[in-house]
Amino acid sequence: MEKGVFLLLIAVVSALGGLLFGYDTGVINGAQFYLTEHFSLSDSLKGWVVGSALLGCFAGAIIAGTLSIKIGRKWSLIISAIFFTASAYGSGLPEFFPQSVSMLVFFRILGGLGIGIASMNAPMYIAEIAPTSIRGRMVTYYQLAIVIGFFIVFLATYYIGNNLTQVENIEFGWRRMFWSELIPSGLFLILLFFVPKSPRWLALKGKDDEALIVLKQINADAVAVKEMEQIKCSINETEDGIKISYFAKAILGIIAIGTVLSMLQQFTGINAVLYYGADIFEKALGFGKEDVLAQQILLAFVNLIFTFVAMFTVDKLGRKPLLYIGSIGMIVGFLLLGITLQQQSVGMLSLIGVLVFIASFALSMGPVVWVLLSEMFPNKIRSVAMSVAVAAQWAANYVVSQSFPMVMGSETNNSAPWNGSLPYFIFIAFILLIVFVTYKFIPETKGKSLEEIEGFWK
């Protein structure tokens, strides 16, 4: 098999973890519209059902670091695939099982564990195995898979929902929406057994010969040997009788920068738009119930197209330029939405604002954060540092998903001068913070090997 084809297969299989991330996140958006009626959920209970998976994501990201160190990136992803599969079936238990809100939340948390483990290990695995010249594009496959997952699940839920009556959807249609995830989760689980282990993890475990074999399957022999020497040199620097202290000023500083960047990805408001897109379209933008799922498909389509733009520019323009461009676009998008809400002139400009925001996020903070997190941490601390950064991201995600419906429904937000626009101006403030953090603290990693990037922090 040609090296390029082999590398692409590895990226596709590991990125399926991203697809399941997107699919699992998106399926609750379509299903919650009907299961809310089925269980007669209050606003707070609906927020708990929707956001409960994020607790699993947080826990999954916390344990992902230890799993990744002990059993490696590949087997960590296999465990995540098992969680995805169990969650997909359990969330839509057949009617003859005593399904309850508590049972649904349990399986949503189980799926969250799978997402948390995969969201840390999948991009890291790709970064550790990809050639330097195309590493950025390869890691963006993960984000591309996430948005493909969103797009596919919106098509699936739209198809399921449109082929059943309202009563049928409330009774059992939402169960089928959850079960549709069994197809990609099963495929992910099977294909993972055919990918190699990470060469950098093998080297960390002293299996240099196995690591070199994997590197030669991807690179020219001379390049593989040189890269192996760099990896060993990086590892040996921290093994010469010096124990790593994660609380040392330099190490803590690197982890803090990555963690702040990771959390800011969520404070853009992206998942408020994606999780509660149906509510936004119906309440804020005035669309009818029959249009909600179709509008979700439009969101997912824009997300998909602009992720492709990021994929083909991240290794040409660099990471920081995309963050600047995307931040400006996100601010413009939310300004359009916020001002039209304030002026009570909701219409096409409001929809354009949402789409501009989605497009700008998709070409910047969506993929670029995963690229930077997979690149910026030194070899010896990468598993633990990514675990902390990704866990913090899921904690931020949970805060946003829980607080957004409460802020949206608050008296302050729904009275003058805000008129429903307050959350979007809060998100704009965080996006401005992204510009500052990027300028002040984020290194440009384009064209650098993972070992060369370590030099930025010395």
Tell me the net charge near Pro199. Cut-off is 12 Å between Cβ atoms, Pro199 excluded, with +1 for each Lys or Arg and -1 for each Asp or Glu. +3
Rounded, prolate or oblate: which one fits segment 318-458, using the alpha carbon gyration tensor with axes a ≥ b ≥ c (rounded when a/c is under 1.5, else prolate when a/b beats b/c, else oblate)? prolate
Considering only C-alpha atoms, what is the centroid distance from segment 105-138 to segment 37-84, in Å? 13
Longest exposed-loop-site-free stretch of the chain, with GluC sites (Glu not before Pro), DSSP loop and at most 14 other Cβ within 10 Å? 240-410
Would you mind checking which residues have amide H under 5 Å from Asp315's amide H? H placed 1.01 Å from N; only 5 or more apart, or other chain. Arg137
Hand me the chymotrypsin sites (Phe, Trp or Tyr not before Pro) from segment 90-142 located in a DSSP loop with no more than 16 other Cβ atoms within 10 Å, in residue order please. Phe96
Share of accessible surface on carbon and sulfur in the chain, whole %, 1.4 Å probe and ligands ignored, is 69
Hey, for a label at Gln344 modelled as a point 7 Å past Cα toward Cβ, could you say which residues of segment 406-445 have their backbone N under 14 Å away? 414-421
Write down Rg/Rh for segment 1-144, rounded to two decimals, with Rg from the C-alpha atoms and Rh from the Kirkwood relation over Cα pairs. 1.06
Under the rule rounded for a/c under 1.5, else prolate if a/b exceeds b/c, else oblate, using alpha carbon gyration tensor axes a ≥ b ≥ c, segment 296-382 is classed as prolate
Applying the span-like rule to the chain (DSSP H, Cα extent along axis at least 15 Å, Kyte-Doolittle mean at least 1.6) gives 348-362, 422-441
Mind checking the alpha-carbon convex hull of segment 142-209 and giving the volume per residue in Å³? 108
Picking from Ile251, Tyr159, Ala362, whose Cα lies most toward the positive end of the charge dipole for the chain (charges on Cβ: Lys, Arg +1; Asp, Glu -1)? Ile251
Kirkwood Rh, angstrom, segment 82-125 [1 / mean 1/r, Cα pairs]: 11.0
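For a protection proxy built on the mean count of beta-carbon atoms within 10 angstrom, sort 61-74, 349-362 highest first, please.
349-362, 61-74
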Determine, for each peptide in 185-198, 46-59, the mean count of other beta carbons within 10 angstrom over its residues, then list the peptides with the highest first. 46-59, 185-198
Expressed per residue, the solvent accessible area of segment 1-156 in Å² (1.4 Å probe) is about 31
Over the chain: helical MRE at 222 nm, DSSP H runs n ≥ 4 each giving -39500 (n - 2.57), nearest 500: -25500 deg cm²/dmol
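Shape verdict for the chain, please, from the Cα gyration tensor: rounded (a/c under 1.5), prolate (a/b greater than b/c) or oblate.
Note, shape of the chain comes out prolate.
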Taking the highest mean first, how do the peptides 425-433, 217-225, 392-400 order by number of other beta carbon atoms within 10 angstrom per residue? 392-400, 425-433, 217-225
For segment 366-458, report the accessible area per residue in Å² (1.4 Å probe, heavy atoms, rounded to an integer). 37
Where the Cα pairs of segment 64-160 fall when distances are cut into 5 Å bins, in %: 2, 13, 16, 18, 19, 14, 9, 5, 2, 1, 0
Can you compute the modelled spin-label distance between Phe312 and Val223, with each label point 7 Å from Cα toward Cβ, in nm? 2.2
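The values are calculated or read from the model by the stated rules, or taken from the named source; none is laboratory data. Note that this is a predicted model, so its numbers are computed, not measured. Cβ: placed from backbone, ideal geometry, glycine included. Neighbour counts: every protein chain shown. The area values use the complete protein model at the heavy-atom level, side chains included, leaving out ligands, DNA and RNA. Shrake-Rupley method; radii C 1.70, N 1.55, O 1.52, S 1.80 Å.
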